[in-house]
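Input: a single structure, listed below in structure tokens.
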Amino acid sequence: MKPVPFHYFRPSSLEEAISILKRYDGEAKLLAGGQSLIPLLNMRLARPSALVDLSGIPSLDDIKLEGQDLIIGAMVRHSSVERSPLVAERCPLLREAMSYVGHAAIRTRGTFGGSMAHADPAAELPAVAALVDASFHIIGPAGWRTVPWQGFFETYLTSCLEPTEILVEVHLPLPTRSMGSAFLEIARRHGDFALVGAAALVDLDEAGCMSEVRLALMGVGGTPWRLTAVEKSLRGHKPQIKLYQDAGAKAAVDIEPGSDVHASADYRRDLAAMLVERVLMAAASRASKTGRGEVKV
Amino acid sequence: MSISQSNSCHAIRITVNGQHYEHEVEPRLLLSDFLRHTLELTGTHVGCEHGVCGACTILLDGQPARSCLTLTVQADGHEITTVEGLATNEQELSPLQEALRTHHGLQCGYCTPGFLITASAYLRDNPSPTEEQVRAALSGNLCRCTGYQNIVAAVLDTARELHGKSSTKEM
């Protein structure tokens, strides 16, 4: 179980990287953290002729704030997101999600952009991207393009990236400071790939009603799943357990999970219903009635 | 054992356990194989080669990483610590190694280097963990022999010994 021979490049600019990708005409793969790619190489499920290592390109590993957006560079390591004071303060949801991503050793090397580009529908970060309506900034031979999350995640392990394109950064509209957030995942063992996971954002108005609700699921289809119909049915109502249970029941019918060796479709529906209930409860209880910031819908 | 060279070899400079090395390596040479076969540091073990079992865990610039999921060329210019680099010297085991021994925290020993690396880094950054926290921190290292409880006990014992206080209950 060793990789097939390949050529290795470590360019120092995006332009250089793109020209190598073009030269290899689809036979080159980008190397970010390698935590998803190298297993494929080791098992010879992927046999690229060349690897283009992005770690030599400057300014791909920044975490910054621009207005109401958190901008995370594609090469930001998971461990950097975990430790970032900016993320802890402005997007605790992301920090909570990160604690479910693999294990410490994986998070040392794995990257934000790598996880997104790998597009595993059971992964944590794509679900967070869906929850906050993130946009993806991509560069290729034809120049720059920006893709909303719905366009970025196409199906199982397939993003919209062409073989000659590079995901450069992800823009995450920040939840307002008054929003409560929650992230929960069920896996057979802590750190395993999720069977099903859920994430929620809830904002409360002065009357204590849910002025904003966002719900996303992972592991229930080919891409992260936003429960827009369920969100609509919850908005304007006061938080209460019966409401969450109904939301869970609605979610279970809304999704189209597949069956596999890890879980049947029915089991995934059960998990989805339970997780939706729990994340709603947690997010609503964490939402603050005071300190309302600008509401981004 | 020699590693056959392809037509695209890369020169790398790497520091392992404080010692500098310069070598020419194939891009596809995994760090785990470089450590074991080129440097003959066979303390790092290879279990699954897809990042799940943790036997190959080393420290890359002080942080735990899977050497089976690192290409040697990616480690160019970096510092690696393997299990061979944990003991203070050839005569003395590190406190954690000593605790693992006295708590009978290993049987076949295959997973042990990975546990030692993971736990050493964890205790360095988290001096007073609870049992639950230790179990979570070690969840990326699989053991088929011990059932984990003696490993956890050794880690907690080391934390107590090194830092004098702990918020754990007695094991």
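The values are calculated or read from the model by the stated rules, or taken from the named source; none is laboratory data. Since the model is a prediction, treat every value here as computed from it, not as a measurement. Because the Cβ atoms are built from the backbone with ideal geometry, glycine has one as well, and the counts that use them run over all protein chains shown.
A few remarks follow.
- Neighbours by Cβ (under 9 Å, 6+ apart or cross-chain): first from the stretch A:237-250, farther than 18 Å from residue A:268 by Cβ; second of a type in the set (Lys, Arg): A:244/A:278
- Comparison of A:109, A:145 shows that the only residue that is buried (at least 24 other Cβ atoms within 10 Å of the Cβ), over 17 Å from residue A:222 (Cβ atoms) and of a type in the set (Lys, Arg) is A:109.
- Residue identified as part of a loop (DSSP other than H, G, I, E, B), over 29 Å from residue A:102 (Cβ atoms) and either of a type in the set (Ser, Thr, Tyr) or touching an Asp or Glu at 6+ places or on another chain (Cβ under 8 Å) (or both) among A:211, A:288: A:288
- Criterion: within 12 Å of chain B (Cβ to nearest Cβ) and of a type in the set (D, E, K, R) - qualifying residue of A:82, A:15: A:82
- Test: residue in the stretch A:168-187 that is in a strand (DSSP E or B), touching a Ser or Thr at 6+ places or on another chain (Cβ under 8 Å) and β-branched (Val, Ile, Thr): yes
- Top-ranked residue in the stretch A:18-35 [being within 9 Å of another protein chain (Cβ to nearest Cβ) and assigned to a loop (DSSP other than H, G, I, E, B); ranked as nearest to residue A:58 (Cα to Cα)]: A:33
- When the stretch A:100-111 is filtered for residues that are part of a loop (DSSP other than H, G, I, E, B) and either more than 9 Å from every other protein chain (Cβ to nearest Cβ) or in contact with a Ser or Thr (Cβ under 8 Å, 6 or more places away or on another chain) (or both), the ones remaining, listed by number, are A:100, A:101, A:103, A:110.
Here's the yes/no breakdown for (1) under 25 Å from residue B:124 (Cβ atoms); (2) away from chain A (no Cβ under 12 Å):
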residue	(1), (2)
B:9	no, no
B:12	no, no
B:16	yes, yes
B:20	yes, yes
B:32	yes, no
B:41	yes, yes
B:49	no, no
B:59	yes, no
B:70	yes, no
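- Residue match in the stretch A:49-69 (condition: on the phi > 0 side of the Ramachandran plot and either at pLDDT below 95 or of a type in the set (Lys, Arg) (or both)): yes
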